[in-house]
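The structure appears right after this line, and notes come after that.
The values are calculated or read from the model by the stated rules, or taken from the named source; none is laboratory data. If you're wondering where the values come from, they're calculated on a predicted model, not measured in any experiment. Methodologically, a virtual Cβ is constructed for each residue, glycine included, from the backbone with ideal geometry; neighbour enumeration extends over all protein chains shown.
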Amino acid sequence: MTVASYVFVGLFGLAFGSFLNVCIYRLPLGKSLAYPPSSCPTCGHQLAWFENVPVLAWLALRGRCRGCKSPISPVYPIVEAFTGAMFVWGWWQYGPGWLLASHLLFGCALVVLFFIDLEHRILPNPITYGGIVIGFLLSFINPPGWHSSLLGIVLGGGIPWAIAEIYFRVRKEEGLGLGDVKMLAMIGAFLGWKLMLFTLVVASFLGSLVGVTMMVARRGNWKSALPFGTFLTIAAFIALVVGNRVVGWYTTTYF
């Protein structure tokens, strides 16, 4: 793989990150991803082609709309830069092939879910349901294999649903949203049941750590709603990068 191939993949990733920004903004609002063209949400100024250049346009405009000078969220260049870096990393790690395509699709879905859940506290069905189907289909030609993928879907959806149901019956209030259940099933579809469990454990630890920190800082209490999908996203990326090594070490050491 040549330097030119890394540059091409990185540029393609930046452009794809721009599309992910469209998904992050429009999916929660129920808007079409294809129409109308991108515009400033404050004044409606339709963006010219050079205002859509990933990262560079935001820097050149100093993070403000060219029409009304309203601030443009730094989320846009962050998503684009992260997606570009993710594409380059995937190309280096896997090379061309279906495994690269599978993991990049999974990573892109996680990016969209992370930012939507962080802002709106929802996990859109087109991403979670679509991810479950695509992840399972790709498991017929990629690791973890369809058996592990299917079990990951069943356990990923079943375990948190059971926890949420028990919590609801005991406390008479919602403790975990169904969006989190569907997201974990999607993670199981792409990564298999072992890494799905790894993701759930890491996400629960991160969520507990943040929750305790908030209570200590008096920024919330034990009933404060936390966007668990964001923790699942972080944990799933950790599982994607080092999960197999950690699970392999754990099973070799203790079993």
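Identify all residues within the stretch 74-100 that are without any contact (Cβ under 8 Å) to a residue 12 or more places away in the chain and within 14 Å of the chain's Cα centre (by Cα); write none if there are none.
Ile78
Quickly run through the stretch 34-54 and pick out the residues that are assigned to a loop (DSSP other than H, G, I, E, B), within 12 Å of Arg66 (Cβ to Cβ) and at pLDDT 85 or above.
Listed by number, the list is empty, since nothing qualifies.
In this structure, is Val75 aliphatic (A, V, I, L, M), surrounded by fewer than 16 Cβ atoms within 10 Å (Cβ to Cβ), touching a helix residue (DSSP H, G or I) at 6+ places or on another chain (Cβ under 7 Å) and over 24 Å from Ala185 (Cα atoms)?
Yes, satisfied.
Being more than 16 Å from Pro124 (Cβ to Cβ) and either of a type in the set (Asp, Glu) or within 19 Å of the chain's Cα centre (by Cα) (or both) is the filter here; which residues of the stretch 11-51 pass it?
Phe12, Gly13, Leu14, Ala15, Phe16, Gly17, Ser18, Glu51
Tell me, please, whether a residue that is assigned to a loop (DSSP other than H, G, I, E, B), farther than 26 Å from Gly145 by Cβ and in the same structural domain as Ala203 (by TED's automatic domain parsing) can be found in the stretch 104-122.
Taking every residue of the stretch 104-122 in turn, at least one turns out to be assigned to a loop (DSSP other than H, G, I, E, B), farther than 26 Å from Gly145 by Cβ and in the same structural domain as Ala203 (by TED's automatic domain parsing).
Any residue that is within 25 Å of Asp117 (Cα to Cα), touching a helix residue (DSSP H, G or I) at 6+ places or on another chain (Cβ under 6 Å) and surrounded by 16 or more Cβ atoms within 10 Å (Cβ to Cβ) - is there at least one of those in the stretch 39-53?
no
Right, Phe114: within 13 Å of the chain's Cα centre (by Cα) and modelled with pLDDT of 95 or more or not?
yes
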